[in-house]
1. Report, please, the projected area of the stretch 62-139 averaged over directions, based on the convex hull of its C-alpha atoms, in nm².
2. FRET efficiency for Asp14 and Lys92, Cβ-Cβ distance as r, R0 = 30 Å, nearest 0.05?
3. Express in nm, to one decimal, how much length is gained between Thr129 and Thr142 on full extension, taking 0.36 nm for each residue of separation and deducting their alpha carbon distance.
4. Please compute the modelled spin-label separation between Glu82 and Gln7, points set 7 Å along Cα→Cβ, answer in nm with one decimal.
5. Go through Lys4/Lys65; Lys4/Lys83; Lys86/Lys136; Lys4/Lys92 and tell me which ones have a Cα-Cα distance over 27 Å in this structure.
6. Considering only protein heavy atoms and a 1.4 Å probe, what is the carbon-and-sulfur percentage of the accessible area of the chain?
7. Averaged per residue, what accessible area in Å² does the chain show with a 1.4 Å probe, protein chains only?
8. Report Rg (one decimal) and Dmax (nearest whole number) for the stretch 1-82, counting Cα atoms only, units Å.
Amino acid sequence: MNQKYRQEKLTYTDDGRLLDSGGHAVMMDWEDEIMKQQANSICMNGGDILNVGFGMGIIDNYIEKHNPRTHWIIEGHPDVQEKMIKDGWLQKPHVRCIFKPWQEVIYNLPKFDGIYFDTWAEDQSEFDTQVQHMLKPNGIYTFFNNPRGDEMGIHV
């Protein structure tokens, strides 16, 4: 995980944004439709689902609508972890929250029917090389990567 980012103070705004300490958007509510479509894809086979990077929890709320057998969330940022706790994610019986950087845990996870990856300000190439070992047969992997950081860089 990007250690500099992990130490930054993140802020959730009332107008639907997650901002870093410089006021740059980490996640915004305009991503909602993207997250809905991604959840539909990774939950297509049901079963066990993994999301790497909670952010505002948009995709996780959509994953929940698919009633997965298990719903794993890996989140490494302390401010986001605090929001997850406050919002009750640890209380959901089929949700497993892992509060560590993904780089520390991906080698010790079970296999999944669907995996979604969306982190901020870091290289995902290590994850991409490991994902084949994390998927069950016919598992689905998708990710969000917007190098522009705005809705103009997105094509759904």
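The values are calculated or read from the model by the stated rules, or taken from the named source; none is laboratory data. This one's a predicted model, so the numbers in the text were calculated from it and none came from an experiment. When we count neighbours, we look across all protein chains shown, and the Cβ atoms used for this are built from the backbone with ideal geometry, even at glycine. The area values use the complete protein model at the heavy-atom level, side chains included, leaving out ligands, DNA and RNA. Shrake-Rupley method; radii C 1.70, N 1.55, O 1.52, S 1.80 Å.
1. That works out to 5.6 nm², a quarter of the Cα hull's surface.
2. 0.75
3. Between Thr129 and Thr142, full extension yields an extra 3.4 nm.
4. Modelled inter-label distance: 1.7 nm.
5. Lys4/Lys65; Lys86/Lys136; Lys4/Lys92
6. 48 percent
7. Value for the chain: 53 Å² per residue.
8. That works out to 13.5, 40 Å for Rg and Dmax.
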